[in-house]
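The values are calculated or read from the model by the stated rules, or taken from the named source; none is laboratory data. It should be emphasised that the depicted structure is a prediction, and the values quoted were computed from it without experimental measurement. Every residue, glycine as well, gets a Cβ built from its backbone with ideal geometry; the counts of neighbours run over all protein chains shown. The area values use the complete protein model at the heavy-atom level, side chains included, leaving out ligands, DNA and RNA. Shrake-Rupley method; radii C 1.70, N 1.55, O 1.52, S 1.80 Å.
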Amino acid sequence: MKVFKFGGTSVGSVENMRTVMNLIADGEQKLVVLSAMSGTTNKLVEISDYLSKKNKESALSIISSLEKKYYNVVFDLYATKEMKEQGKHILEERFEVIKSYTSGVFPEHGGRALLAQGELISTALFALLMQESGYNALLLPALEFMKIDSDKMPDSYFIKDKLNSLLKSTPKADYYITQGFICRNDAGEIDNLQRGGSDYTATLIGAAIRSEEVQIWTDIDGFHDNDPRFVENTKKVDTLSFKEASELAYFGAKILHPQTVLPAMMNDIPVRLKNTMNPPDSGTLITSDSKTKGIKAVAAKDGITAIKVRSGRMLNAYGFLKNIFEIFEFFKTSIDMITTSEVAVSLTIDDPKHLNEIIAELKEYGNVEIDRNQTIVCIVGNMISEEKGLAAKVFTALEDVPIRMISYGGSRNNISVLVNTNDKKATLQALSNKLLNS
Ligand code: ADP
Ligand code: ASP
Ligand code: MG
């Protein structure tokens, strides 16, 4: 059974929901993962932010406009009075939960059950639409099988076991509809797979049911060679290997949640990125095979902090790097880029939660300098560190950009540079103009 995932824009209006229904209803059984309608999760985050600042009035005003929007959706989505009533009933239940957060003490974790309401609404409305249209569609509650552990990592054994038993025990359907993004944590509370996490749900499910293919349907025709939100003249990439796609996703390509590729790679399940508004287009196919050599695409990851530790003693002193790395390990903070010189080491982190504690410990070993607001620009392809002249081309393309760090030769797939976030757009555009489109 194939897994199809549709993102926020794909289910973002009544018209688009109908498009998705017609697209999947081809008689072939599938498991369909849906995001919340576009904009909803952002609104729920806003509500959560206001409530945590005790601004109940602003929270209620957003809830009220969201509620109005959804009642209009229900009115337009269904043909019969009976189904409109059922749709309204779904909304009553969901908005009762949302409103319940406006009274009493707002939970410290920001109300993760509040953030889950977008997917719970979109899937319930969509399953009802399919049923009204005469299709054998059934809702599978993700909260019964999607689970993360105490490290916030998906519990793939639990997911596999629970999902397969659920599929065995529920009546047979042609189209199983489930929620992306949402899950339970090790305490059994409602939680999520981080923003954009519906992609990850799709490949985790694909791995759990040994799906022959996972299709991720979105609002663009596939993986582009650069970020279309910042750069003009980007082009679709026809094929990527799992390794290439996972590096691009990890280093900021928004089209895929950073962890999406891993479950597919580990189980060798092809992932296809497709455009909901243009189904005939072949999209981008991600498999174990890289197919072509050379540079495929670039991506950028913001919110990076660079840390430089300069030690007077590093010259010929062994153990220095081990001591430094142990500090990051202790604070469970992963390092993305590293460069070393004889007397200093520079590295980057994307999670500054324990930065002050890390700095305090690092000071034991030398002078520490911090640069915030950095961006990693990652150039990804096949065998790129072996192709003669390629590094020269990359650095010629970036001749006008001040580069803080360079990582080259760590893998055959990737050259990364660290730039100030203010220079990100210029860096990406220069790579498109002088490297990708030349
Ligand atoms: P969905 O809601 O379907 O998950 P997203 O907004 O999360 O959609 O992802 C699709 C968007 O990702 C595109 O509209 C595009 O603006 C952005 N994007 C960023 N980098 C890339 C890239 N390299 N290729 C394609 N799209 C990209
Ligand atoms: N609705 C969630 C979000 O906006 C998950 C997703 O769209 O993938 O982050
Ligand atoms: Mg997304």
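General observations
- Residues (of a type in the set (Asp, Glu) and either touching an Asp or Glu at 6+ places or on another chain (Cβ under 6 Å) or crowded, with 21+ Cβ neighbours inside 10 Å (or both)) located in region 107-127: GLU119
- Within region 183-200, the set of residues being in a loop (DSSP other than H, G, I, E, B), of a type outside the set (S, T, N, Q) and either within 15 Å of the chain's Cα centre (by Cα) or within 11 Å of ligand 2 (Cβ to nearest atom) (or both) comprises LEU193, ARG195, GLY196, GLY197.
- Pick from region 125-152, criterion small (Gly, Ala, Ser) and away from ligand 2 (no atom under 15 Å from the Cβ), ranking: modelled with the lowest pLDDT: SER150
- Restricting region 263-280 to residues that are more than 16 Å from ligand 3 (Cβ to nearest atom) and open to solvent by 40 Å² or more (accessible area, probe 1.4 Å), the residue that is farthest from LYS434 (Cα to Cα) is ASN267.
- Whenever a residue of region 4-31 is at pLDDT below 95, its partners that are surrounded by fewer than 19 Cβ atoms within 10 Å (Cβ to Cβ), lying with C-beta atoms within less than 9 angstrom and at least six residues away or across chains, give the pairs GLY27/ASP174.
- Scan of region 375-385 for residues that are in a strand (DSSP E or B) and open to solvent by less than 10 Å² (accessible area, probe 1.4 Å), ordered by number: THR375, ILE376, VAL377, CYS378, ILE379, VAL380, GLY381
- Check on TYR250, within 14 Å of ligand 3 (Cβ to nearest atom) and under 24 Å from ASN42 (Cβ atoms): no
- Pairs linking a residue in region 406-418 that is in a loop (DSSP other than H, G, I, E, B) to a residue that is open to solvent by 20 Å² or more (accessible area, probe 1.4 Å), with Cβ atoms under 6 Å and 6 or more positions apart or on different chains, are ARG412/MET383; ARG412/SER385; ASN413/LYS243; ASN413/GLU247.
- Among the residues making up region 263-289, those that are assigned to a loop (DSSP other than H, G, I, E, B) and among the charged types (D, E, K, R) are ASP268, ASP281, ASP289.
- Subset of region 107-130 (residues that are in contact (Cβ under 8 Å) with a residue 40 or more places away in the chain and in contact with a strand residue (DSSP E or B) (Cβ under 7 Å, 6 or more places away or on another chain)): ARG112, ALA113, LEU115, ALA116, GLU119, LEU120, SER122, THR123, PHE126, ALA127, MET130
To keep it simple, each residue is scored yes or no on (1) acidic (Asp, Glu); (2) not in a helix (DSSP H, G or I).
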{"residue": "VAL105", "(1), (2)": "no, yes"}
{"residue": "ASP151", "(1), (2)": "yes, yes"}
{"residue": "LEU163", "(1), (2)": "no, no"}
{"residue": "PRO171", "(1), (2)": "no, yes"}
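- If you go through region 201-219 and keep only what is open to solvent by less than 10 Å² (accessible area, probe 1.4 Å), among the polar types (S, T, N, Q) and more than 13 Å from ligand 2 (Cβ to nearest atom), you end up with just SER211.
- Test: residue in region 168-179 that is surrounded by fewer than 22 Cβ atoms within 10 Å (Cβ to Cβ), under 22 Å from the mean Cα position of the chain (by Cα) and closer than 23 Å to GLY111 by Cβ: no
- Region 348-399, subset closer than 17 Å to LEU431 by Cβ and charged (D, E, K, R), residue modelled with the highest pLDDT: GLU399
- Set side by side, the residues LYS332, LYS388, LYS363 differ, and just one is part of a helix (DSSP H, G or I) and surrounded by fewer than 15 Cβ atoms within 10 Å (Cβ to Cβ), which is LYS363.
- Any hit, region 86-106, residues being open to solvent by 80 Å² or more (accessible area, probe 1.4 Å) and at pLDDT below 95: yes
- Remark: GLY222 matches the filter, which requires a residue to be in a loop (DSSP other than H, G, I, E, B), within 16 Å of ligand 3 (Cβ to nearest atom) and open to solvent by less than 10 Å² (accessible area, probe 1.4 Å).
- Considering only residues in region 243-262 that are in contact with a Leu (Cβ under 9 Å, 6 or more places away or on another chain), part of a loop (DSSP other than H, G, I, E, B) and near ligand 1 (Cβ under 9 Å from one of its atoms), the one that is most open to solvent (accessible area, probe 1.4 Å) turns out to be ILE255.
- Of the helices (runs of 4 or more DSSP H) lying entirely inside region 1-83, those containing at least 2 residues that are surrounded by 19 or more Cβ atoms within 10 Å (Cβ to Cβ) and of a type in the set (Ser, Thr, Tyr) are 40-52.
- Residue within region 295-307 that is among the acidic types (Asp, Glu) and not in a strand (DSSP E or B) present: no
- LEU125 passes every criterion in (1) closer than 30 Å to SER334 by Cβ; (2) in contact with a Phe, Trp or Tyr (Cβ under 9 Å, 6 or more places away or on another chain) apart from (1).
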